[in-house]
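What follows is a single structure, written as structure tokens, with notes after it.
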Amino acid sequence: MGWTRKAESGGRVKPERVDESSREFRPIIVKEAIHNILNEHLTGKNYDAEETTEWSRQIADEIKVKLKELGYDRYKFIVQVVIGEQRGEGVKMGCRCFWDSDTDNYAQDIFMNMPGRKTRKNAVQSYAEPGSELSIPEQESDSDFEEAPPPQAGRGRKRQKKADTAPGGKKTVKAARKRSGDDEDAGTGSLFDVVRLGKASLQVTIDEWIESYKTDRDNALLELIQFFIQSSGCKGKITPYMYANQEHAEIIRKMTEEFDEESGDYPLIMSGPQWKRFRGNFCEFVQVLVRQCQYSIIYDQYMMDNIISLLTGLTDSQVRAFRHTSTLAAMKLMTALVDVALNLSINLDNTQRQYEAERQKQTAKRASDRLDMLLQRRQELEENQAEIRNMLTYIFKGVFVHRYRDTQPEIRAICMTEIGIWMKKYPNMFLDDSYLKYVGWTLYDKVGEVRSCCLRALHPLYDTEDLAHKLELFTNRFKDRIVEMTLDKEFEVAVQGIKLVISILKFNEQILGDKDCENVYELVYSSHRHVAQAAGEFLNAKLFRRDDENTNKLKIHKGKKQSLNQPLLRDLVTFFIESELHEHAAYLVDSLWDINDMMKDWECMTDLLLEEPPKGEEPLDDRQETSLIEIMVCCVKQAATGESPVGRGPNKKLTSKENKQVMEDKTRLTEHFIVGLPQLLLKYLMDAEKVANLLQIPQYFDLDIYTASRQEKNLDLLLRYLHEVVEKHTDSEVLETASKCYECLCSEEFAIAGKCDVGRKTLIDSLVVKYREAMQDFFAEGEDPDEDEIFALLACLKRIYAFFSCHDLNNWELWEHMFLVVKAGNDSQGIPEEIVCKAMSGCSMSLFWSLQKLNTSNPDKDAMRTLRKRLNDLMRFCHELMFHQQDKVCEEAYITICDTLVVFSKLLGENAVMKPLVYEPDKSLQQQLCNFLAEKVFVEDEDDEVDENVKIEELHKRRNFLACFCKLVVYNIVNIRVAADMFKHYMKFYNDYGDIIKATLGKAREINKVITAKTLALSLSQLYRELQQEMGVIDRSSESFQSLKELSRRFALSFGLDQVKNREAVAAMHKEGILFSLSVDEHHNVSTPPPNLSFLEVISEFTNKLLKQDKKVVVQYLDKHVPVGMLPQAKDAEWQSFFTYRNSLTQGDHEVHPVTLKQVQQRRQKRKADISDHDSNTGDQWGDAPTPAPNLAPQMASTAIKRRRMDEESIGAPSEPGSEQDFQDSAQMESEGSEPSIGGFESPQGQYLPPQQVPYHHHRYQQHAAYYTDTQQTIEDPSVSGRNIKSLV
């Protein structure tokens, strides 16, 4: 029957340092002793429940005797033996104890007799602790008999004969290696494969390696070195001969030659979860290696010297993979050594205290042997500490000092991350200006990730009070740079910079000046939410600190205790006013939302607005009240929706916890403002700005609370004040907000909808009566309206339009009256522009509500006819009003037309019954819309004295005009070609409208790529003609022409990287460009080039978007469209554009790409195999033949040789692109009818003549053949035999 047993041993007596063997408990030696005893007692035995007690006692006694024989005289041992029956069930065993981690340890071994098998695995776990007392175990150690971890690296032949089970009952790495042969992904079973797969315990792996090292240190080190080479992605193999006879530099050079450069990937940068785990396992491997060796072989002056020497050499390699991997390993090695140094420092301090305590005892009580032992211990620790410091210094100077400024940002980031850890863990050595300077210098790095690593390295230093005072000199030197980084273009760096400034502020407020703080204050209005929130934390730490000491001194006013947040809210209002960004209150609120609870203190806010201030405090002035109301409304909105303001990134979906918080906040604010809002409206009833803000609050109410809490009285007050607001105000913003408020209150899902609807209808009835009276007075016969009548009509129209925007007023039959104003505005120029604009807007809203009211499945035919007639009438008059003398009327007519076209577009016609209502703009209307853009949008500001705010408002208005037109393009309402007039301004007005035009271009391409490409070609040709009109003859070196080429380049970039997907569109672009460039009229002189020839340089920007085979088709298309009788002259400056474009199409057809070092080695070996035997033996096996780098320029041969070589190679070879023969071949292809074609390049046969009818073909290029032969020459590189490189001279 199968059975299992386990034995453990340990002790707690401080050992005396008598000799080498008794200095420290050696688990490996003890494990071997336990292993032998278990095998001696248990081999061949079956489980017997009656005899196991005696077996356990005998085994424990013999182990204890054996341990004493090993010379651990000053230890006490605890031996624990457990025997159990093996029935295929899992077994776990653990014990805990208090011990000294410097001297105490344990060993264990497991013996397992599997059923039906003779193989056994044995385990005894032994804890040994110095000390005079025993204690209850506290540290659990698992000793289960579970399935083994995955395979690990092979360690050599000798070790494969040992037991296959690791401590804890887990199969060892050696056993896993045997199994790895059956696993396709297990690799060769090397250390690299173990770390890559990550299935085996790294600690077990390293313990096995340490055991191997003690047996044969050279083979073990070779295995470790091979691990670092493989981790770099190198397939090279280091042989024992190489390791024994070559220095590290020679080995690295050989591995560099064998490195595969065909792929730029290597393990540290490869994608996928497996390689992400590898990076973590790789770093852990280095750290565990040092940790497991720290009490043994780390001080043998062999292992660490070799590892450090190898890594230092690899960090100087030209191969990025070697440099990156070795730098990471060296930095992690240094971090692990820092931990060792820390432990040594702690042990040294403890030993020193013990020594001093013993020395101060009376002579009679002093133990001289203990003093000698402590003195020896202290000397040993000091020696070890000095050795570790030397290692740290060597790695720092040999690796860090060179790699912190490496060309690769990943390597620089590693250096900055690790030095921050060293400074935090071991400040006695590293927190010094001689080390801090490297971090300070790297704050100026050009890569954001490196700068961010520097800032993250400094955070914990400033946050630790004991360390921060050591940074005083560093802070004075680099404070300005740190503050400057809060404005970094990389948002993550800016966030880290702000957090570091906060740490500096908490450390010492005096360090940051007012100017420094102001730079951070402004960032609360940043469009990036993380930056703004970080700035909000700084603002809160600097200005909004609550004075908890004065909590009991708060004043009581009218029986109510003053809120703790009241002084903070006053400061917030003051800050908001002084920042002079009143349109961005929502941004300020969002920045502080999760930081300070004053943002939800509704009661304190309303008290500041409604209550009289206590004695000694100033009341809020009008500006402060306005600002506080604006902030309060923004707080209400954010609390009720949980959404960030527009422009602060996408709003993520709220979690269930966040949704619950939002609902709670919404309930609280509703309960408070149901009572407070009517009081606020009453107080500020005549203040338009304040009322416009206050009326937004009901939109975020939980309106069911009106009914649930029986607040009908407050609802009546709210409706009453709403009615008064609408009747007393004419401000558009106030009226629109009131209209939205009514829309919210009248929502049918709430019980209060009926009462609110009655109030709304009563108000609208009143407004309609006043409007009709005003119309009658205004259009009274025989009299011109006076100012009062004009004001009355305008006020009524504003109210009507505001309510028409949210409510259907067609039941009040207002169309005829409003359309009468529109017609009158077109017939007479005397009607004020605002009245005409509001009437137009009201008419359009009437049409939209009429359309919405129709039954889409069975619409009323009379209603459809009426709607169609009104639509035609409005569009006709709006088209005419676009020619109005007053700008506002023209602009409103333009916006009305665009909006109406979108609503009544082709999308409406997808429903067959609604198709009669579709309105399609004619060509004259489309052209008028384009003209409007040219006159109102694409104009430059000439008046520099205009106020900046006015300029911004004007720009917003123009962007709105452009967006209206772009909607017509995006929804395919107007032809894409109409947008050519807009696309041509892409570069000139990029800062103002670039984002809108770019988005429109992308949408247009989704509709039709080919038509969009032709539209872009049309845009470029229009600009080209404008240049011709300005210059007469195009100057290709002029700034205007270069700007046109830059626009063409931007258009080309918009096509993306998928050449196949854009093939037809790019082809159409080249076709349109060629036809435009080579077009001539009937009377053109054939002795001069076409007038638009230089346009070919513009479309040459699209050449790289063509597929290679398509370039040949375009070349042929270009050649046969040269006007009859014209001879392109290569040396003629007027034809240079033609040859520039043609060469861009033929360039690179015969390029030879650079080869990698590996390919060169393979070619060299192949050449060696082909030459004679006496030549092949000229070098030894490890000789380093000169190997050219991939990007080195080839050596030049003489011109005569080059030309002769090219002439020889040209015999019987295909013609060179652009040569005389090439043109003859092209003509022959045309005559044979073998023209390849793409897209629109199938040209009509009538557009060119057969070769026999165009005898000038050969003549016109033959005299310039030298041009092509001079521009493409074959140059032989003597350093790479047989490799020819094409070079354009």
Karplus-derived 3J(HN,Hα) from phi for the stretch 771-776 (6.51 cos²θ - 1.76 cosθ + 1.60, θ = phi - 60°), whole Hz, x at Gly and Pro, runs 5, 5, 5, 5, 5, 5
Cα-based convex hull, the stretch 314-473, per residue volume (Å³, whole number) = 111
Accessible area (Å², 1.4 Å probe, nearest 10) - residue 32 | 90
Determine the per residue accessible area of the stretch 258-333 with all protein chains present and a 1.4 angstrom probe, expressed in square angstrom.
-> 39
Of the heavy-atom accessible surface of the stretch 915-1022 (probe 1.4 angstrom), what whole percent is carbon and sulfur?
-> 45
Which of 1061/1112; 332/437; 637/888; 276/332; 425/515 exceed 26 Å between C-alpha atoms? The answer is 637/888; 425/515
Pairs to check: 397/424; 713/853; 798/936. Give those whose C-alpha atoms are more than 23 Å from each other in this structure.
-> 713/853; 798/936
FRET efficiency estimate (nearest 0.05) - Cβ-Cβ, residue 618 to residue 580, R0 30 angstrom = 0.90
Of the cross-linked pairs 906/984; 652/998; 1014/1111; 666/728, which ones have a Cα-Cα span greater than 20 Å in the structure shown?
-> 906/984; 652/998; 666/728
Amide H partners (placed H, <5 Å) of residue 81, local residues excluded | 8
Could you please put 574, 896 in sequence from largest to smallest accessible area, using a 1.4 Å probe?
-> 574, 896
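The values are calculated or read from the model by the stated rules, or taken from the named source; none is laboratory data. Note that the structure is a prediction, hence the values are computed from the model and not measured. Positions of Cβ are backbone-derived with ideal geometry, glycine not excepted, and every protein chain shown enters the neighbour counts. What goes into the accessible areas is simple: the full protein's heavy atoms, side chains included, and nothing from ligands, DNA or RNA. Shrake-Rupley method; radii C 1.70, N 1.55, O 1.52, S 1.80 Å.
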